[in-house]
Amino acid sequence: EAQVTQNPRYLITVTGKKLTVTCSQNMNHEYMSWYRQDPGLGLRQIYYSMNVEVTDKGDVPEGYKVSRKEKRNFPLILESPSPNQTSLYFCASSPTPGQWNTEAFFGQGTRLTVV
Amino acid sequence: ELKVEQNPLFLSMQEGKNYTIYCNYSTTSDRLYWYRQDPGKSLESLFVLLSNGAVKQEGRLMASLDTKARLSTLHITAAVHDLSATYFCAVDRGQFYFGTGTSLTVIP
């Protein structure tokens, strides 16, 4: 089954404690991205990756890091989380934008609370 | 920077009524996508519109794309409670740009 898998689904952590949210896809997609969703602000892109070892900042990259060492995995790293990073996070994958059909598939989401 | 605007942001409608959600975007694109999100859930793909004039229908929902006007519409026919959700449009322009979403509540 084609899917994007995020872990964990729920996470409560303390300010400053490094954490990683994993994302894995099994569709051989080149493009992967991370979004955060906050009430009234819609989906905002944090980082995206066009392929292995190619990453770029989205609209709200501050306080986040990513890596793309393998095509299937795109972890989101918060080196020193702060309460303003409390949010619902989604990972998505799709074929490379600009191709014919670049329908994105989303993970189930990670609800992060930083206290 | 490409901007994607949806109207309305909030929509409360009675069962059985018709309504249209609008998605305007600021730069040319031939690819537009509609997603549905239930509360606390992930985004689910609804429609893929890949050319000017494209029209797709699924049940009580119909989506269309006018690339010249940079406008997509999501039309709801005879709404039912199960359609209550947040609907997002997204444009592919080298990366994906999402609208702010339309929160739809269908009232019995």
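No lab work stands behind these numbers, since they all come straight from the coordinates. For clarity, every value in this text was computed on a predicted model and none was experimentally measured. Cβ placement follows ideal geometry from the backbone for every residue including glycine, while neighbour counts extend to all protein chains displayed.
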Q. Among the candidates B:SER12, B:SER45, which residue alone is assigned to a strand (DSSP E or B) and free of Cβ contacts under 8 Å to residues at least 40 places away in the same chain?
A. B:SER45
Q.
Being out of contact with any Gly (no Cβ under 9 Å at 6 or more places or on another chain) and within 21 Å of A:LEU41 (Cβ to Cβ) narrows it down to one residue among B:ILE76, B:ILE21; which is it?
A. B:ILE21
(Q) Can you find, within the range B:4-26, the residue that is farthest from B:HIS75 (Cα to Cα) among those that are loosely packed, with under 15 Cβ neighbours inside 10 Å and among the hydroxyl-bearing types (Ser, Thr, Tyr)? (A) B:SER26
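So that you can scan it fast, the table gives a plain yes or no per residue for (1) on the phi > 0 side of the Ramachandran plot; (2) within 10 Å of chain B (Cβ to nearest Cβ); (3) of a type outside the set (Phe, Trp, Tyr); (4) in contact (Cβ under 8 Å) with a residue 24 or more places away in the chain:
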| site | (1), (2), (3), (4) |
| --- | --- |
| A:GLU30 | no, no, yes, yes |
| A:SER33 | no, yes, yes, yes |
| A:ARG36 | no, no, yes, yes |
| A:MET50 | no, yes, yes, yes |
| A:ASP59 | no, yes, yes, no |
| A:LEU88 | no, yes, yes, yes |
| A:SER93 | no, no, yes, yes |
| A:GLY107 | no, yes, yes, yes |
| A:VAL114 | no, no, yes, yes |
Q: Please work out if B:GLU5 is in contact (Cβ under 8 Å) with a residue 40 or more places away in the chain, charged (D, E, K, R) and touching a Pro at 6+ places or on another chain (Cβ under 6 Å).
A: no
Q) Out of all the residues in the range A:63-112, which are of a type in the set (S, T, N, Q) and either within 10 Å of the chain's Cα centre (by Cα) or surrounded by 14 or more Cβ atoms within 10 Å (Cβ to Cβ) (or both)? A) A:SER67, A:ASN73, A:GLN85, A:THR86, A:SER87, A:SER93, A:SER94, A:THR102, A:GLN108, A:THR110
Q: Out of A:LYS65, A:LYS71, report the one residue that is of a type outside the set (Gly, Ala, Ser) and without any contact (Cβ under 8 Å) to a residue 24 or more places away in the chain.
A: A:LYS65
Q: At least 3 residues that are more than 20 Å from B:SER45 (Cα to Cα) in each: list the strands (runs of 3 or more DSSP E) lying fully within the range A:1-46 that qualify.
A: A:10-13, A:19-25
Q: Quickly run through the range B:34-51 and pick out the residues that are surrounded by 12 or more Cβ atoms within 10 Å (Cβ to Cβ), out of contact with any Leu (no Cβ under 6 Å at 6 or more places or on another chain) and farther than 15 Å from B:SER84 by Cα.
A: B:SER45, B:PHE47, B:VAL48, B:LEU50
Q.
Exactly one condition in (1) assigned to a strand (DSSP E or B); (2) away from every other protein chain (no Cβ under 14 Å); (3) over 10 Å from the mean Cα position of the chain (by Cα) is false for B:SER64; which is it?
A. (3)
